[in-house]
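Each remark here refers to the structure printed beneath this line.
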Amino acid sequence: MSTGIESWTPVKEITTLSPFAGSEVLFTIIAVVVWIGWHVWQIKSENNAYDEQTSKLQGNLSKAISGD
Amino acid sequence: MGYDMSIEISALNEIFVEFYYWITVPLMFLIHVGFCLYEVSISRAKNHIHTLMKNAMLVPMVTITMFLFGFWIYFAGQGPFGDFAGGSTGLPWDATMGSNFSDHIMGVFWAAFLLFSWTAASIVSGAVIERIRTGAFLILAVLVGSVTWMIDAAWGWSAGGWMVTDWGYHDAYASGVIHGICGGAALGILAVLGPRIGKFAPDGTPRDIPPQNPWFAVIGLFIIYTGFWGFYAACNVPIINFDGLWTATTIYGTPTTLSTITYNFLMSLAGGLMAGYMLSKGDSFWTFSGGLGGIIAASAGNDLYHPLQAFLIGIVGVWVAYKLHYWVERKFKIDDAVGAIAVHGYAGSFGVIICGFMLWGYPALADGSATITPWGQIGGAIIMFFVLGFIPTFIVAKILNAMGVLRIPREVELAGLDYIDDQASAADGQAIVNAEMAEANASSSL
């Protein structure tokens with residue numbers, strides 16, 4: 001079994017070096033999903049973090065600002 | 001069989017060009033290192049880590065989007081409304097966008113453009129510190145780094161771009177296509193985001209929020225200067241046969257020399273430093289920012305200026321940027337934490353416009369089919385700063401603001417973005433000390 005290249009000779013006949021040649025569109029779709037998904041996750045995570053921080057700061061804000 | 005020396009020379013030239021661009025990439029990496037150091041140093045201690053992470057995470061977000069569609073925009077968007085049927089160059093599945101023996105150089109070109117993209121997003125990053133949410137910033141970073149700057153590069157930083165072929169737009173080292181657009185983009189966000197709490201007194205008088213570490217901020221700017229060398233180098237074709245003369249050319253294919261740009265880079269830096277020092281009476285922040293502003297102001301025409309012209313343009317550009325910064329700050333209550341709009345936006349736009357007067361009548365393209373003019377440059381500066389800079393980020397920032405995800409909560413801003421994490425770290429540290437003390441007491445009682 002081979003995912004791509006089985007011999008380096010003759011090297012001039014080799015074009016694509018990466019494995020699974022021909023699946024670039026599929027990898028593009030996966031990468032787009034990962035990219036968008038990361039933004040969504042990051043924004044949700046950040047919102048949750050700020051909600052938590054805001055609740056912890058209730059009543060402690062003056063102390064936090066003064067650095068005590 | 002005869003020995004064909006021309007084949008070897010041709011191969012050597014190709015290897016030299018590939019290596020030349022490859023070297024520019026790690027040099028340009030220093031720009032981002034400098035921006036990180038500079039931005040963190042300008043922020044207050046209570047916001048350091050958040051500021052660092054916001055800037056650092058633009059790197060992967062802009063990188064993946066530059067691979068997915070940013071580079072394709074450059075090749076597909078040469079006309080005013082694009083030329084999207086123009087082939088697959090730059091698309092993620094194109095043969096040149098991967099490990100392929102049929103192409104040895106595209107990845108290095110991509111990296112050079114990518115490093116410009118990081119710079120573009122990083123310029124915006126500094127202006128908005130201490131109150132923007134990381135998630136919102138990263139969306140805006142993708143917008144600037146992988147979309148709008150790539151459109152402006154397609155339009156005005158390519159021999160085939162319509163602004164070059166139709167208007168004779170000339171911007172050899174990106175006064176407008178990087179700095180002008182990013183200054184405009186920062187202003188568009190800040191107009192929606194608003195100033196940091198306490199920046200303006202109740203009567204509207206601006207207060208100075210001094211850098212936490214002015215010394216490190218200056219080191220950051222020094223590192224940016226160094227990286228800027230790589231940027232200048234990457235803007236050239238290093239050696240090419242131009243009408244029988246072996247010389248360097250700009251991205252437009254017009255001739256220059258490495259000597260010219262070396263003179264002019266350093267002379268415009270000198271002019272900017274002197275102007276910044278004089279205007280601010282020796283303030284380190286404005287002096288070093290002035291050095292950067294001087295280079296940016298002269299960059300549009302630094303392929304052709306005389307060194308003394310670059311020097312004087314650097315001085316005037318920084319004077320314009322400095323005066324505009326404080327006028328806009330007072331008039332519109334814009335809190336630009338690092339002076340990015342001034343150093344990049346105003347100095348860059350000035351640089352584009354003055355280039356139109358200095359190089360009036362010069363051929364904008366190698367074949368002489370377009371000519372540099374003041375009106376072409378003024379139109380270009382407006383497109384860079386307002387049309388592709390200000391307007392897109394203003395609209396997206398408005399949308400993010402309406403969704404409630406643009407600005408951090410007031411309580412978090414007052415306490416500091418790192419406050420809760422710092423408290424948790426302090427508690428963890430104390431718990432460790434307590435545990436160690438208990439262990440020591442137990443050992444001594446044995």
Search result, residues across the stretch B:4-28 that are open to solvent by less than 90 Å² (accessible area, probe 1.4 Å) and free of Cβ contacts under 8 Å to residues at least 40 places away in the same chain: B:ASP4, B:SER6, B:SER10, B:ALA11
Could you tell me whether the stretch A:37-44 includes any residue that is in a helix (DSSP H, G or I), open to solvent by 80 Å² or more (accessible area, probe 1.4 Å) and of a type in the set (A, V, I, L, M)? no
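Regarding B:THR119, is this residue part of a helix (DSSP H, G or I) and surrounded by fewer than 23 Cβ atoms within 10 Å (Cβ to Cβ)?
Criteria not met by B:THR119.
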In this structure, does B:PHE285 turn out to be touching a strand residue (DSSP E or B) at 6+ places or on another chain (Cβ under 6 Å) and more than 25 Å from B:ALA111 (Cα to Cα)? no
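Condition check ((1) within 13 Å of another protein chain (Cβ to nearest Cβ); (2) not charged (D, E, K, R); (3) not in a helix (DSSP H, G or I)) across all residues:
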position: B:GLY376; (1), (2), (3): no, yes, no
position: B:GLY379; (1), (2), (3): no, yes, no
position: B:VAL387; (1), (2), (3): no, yes, no
position: B:PRO392; (1), (2), (3): no, yes, no
position: B:LYS398; (1), (2), (3): no, no, no
position: B:GLU413; (1), (2), (3): yes, no, no
position: B:ILE420; (1), (2), (3): yes, yes, no
position: B:GLN423; (1), (2), (3): yes, yes, no
position: B:GLN430; (1), (2), (3): no, yes, no
Could you identify the single residue in A:LEU17, A:LEU26, A:LEU57, A:LEU61 that is in contact with a strand residue (DSSP E or B) (Cβ under 8 Å, 6 or more places away or on another chain) and either surrounded by 10 or more Cβ atoms within 10 Å (Cβ to Cβ) or within 9 Å of chain B (Cβ to nearest Cβ) (or both)? A:LEU17
Count - residues of the stretch B:372-393 that are over 14 Å from B:ALA172 (Cα atoms) and either open to solvent by 10 Å² or more (accessible area, probe 1.4 Å) or touching a strand residue (DSSP E or B) at 6+ places or on another chain (Cβ under 8 Å) (or both): 13
Which one of these is open to solvent by less than 30 Å² (accessible area, probe 1.4 Å) and in contact (Cβ under 8 Å) with a residue 12 or more places away in the chain: B:PHE228, B:PHE216, B:PHE242? B:PHE228
The listed residue being exposed (fewer than 11 other Cβ atoms within 10 Å of the Cβ) and more than 9 Å from chain B (Cβ to nearest Cβ), out of A:VAL33, A:VAL11: A:VAL33
Of the residues in the stretch B:253-270, those that are surrounded by 18 or more Cβ atoms within 10 Å (Cβ to Cβ), of a type in the set (Ser, Thr, Tyr) and over 20 Å from the mean Cα position of the chain (by Cα) come to B:THR254, B:THR256, B:THR260, B:TYR263
Name the pairs whose Cβ atoms lie under 9 Å apart, with the first residue in the stretch B:89-104 and more than 7 Å from every other protein chain (Cβ to nearest Cβ), the second part of a loop (DSSP other than H, G, I, E, B) and buried (at least 17 other Cβ atoms within 10 Å of the Cβ), and 6 or more positions between them or separate chains? B:THR96/B:GLY90; B:MET97/B:GLY90; B:MET97/B:LEU91
Tell me, please, whether a residue that is under 23 Å from the mean Cα position of the chain (by Cα) and either modelled with pLDDT of 95 or more or polar (S, T, N, Q) (or both) can be found in the stretch B:357-375. no
Flag for B:LEU308 being of a type outside the set (Val, Ile, Thr), under 20 Å from the mean Cα position of the chain (by Cα) and either surrounded by 24 or more Cβ atoms within 10 Å (Cβ to Cβ) or at negative phi (or both): no
For B:ALA300, state whether it is within 17 Å of B:GLY348 (Cβ to Cβ), touching a His at 6+ places or on another chain (Cβ under 8 Å) and open to solvent by less than 60 Å² (accessible area, probe 1.4 Å). yes
If you go through the stretch B:52-62 one residue at a time, do you hit one that is more than 19 Å from the chain's Cα centre (by Cα) and buried (at least 20 other Cβ atoms within 10 Å of the Cβ)? no
Going by the conditions given, is B:ILE129 in contact (Cβ under 8 Å) with a residue 12 or more places away in the chain and not in a helix (DSSP H, G or I)? yes
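The values are calculated or read from the model by the stated rules, or taken from the named source; none is laboratory data. As the structure is a prediction and not an experimental result, all values here were calculated from the model. Glycine also receives a Cβ, built like all others from the backbone with ideal geometry; neighbour counts cover every protein chain displayed. Note: accessible area is taken over every heavy atom of the protein model, side chains too, but ligands, DNA and RNA are not part of it. Shrake-Rupley method; radii C 1.70, N 1.55, O 1.52, S 1.80 Å.
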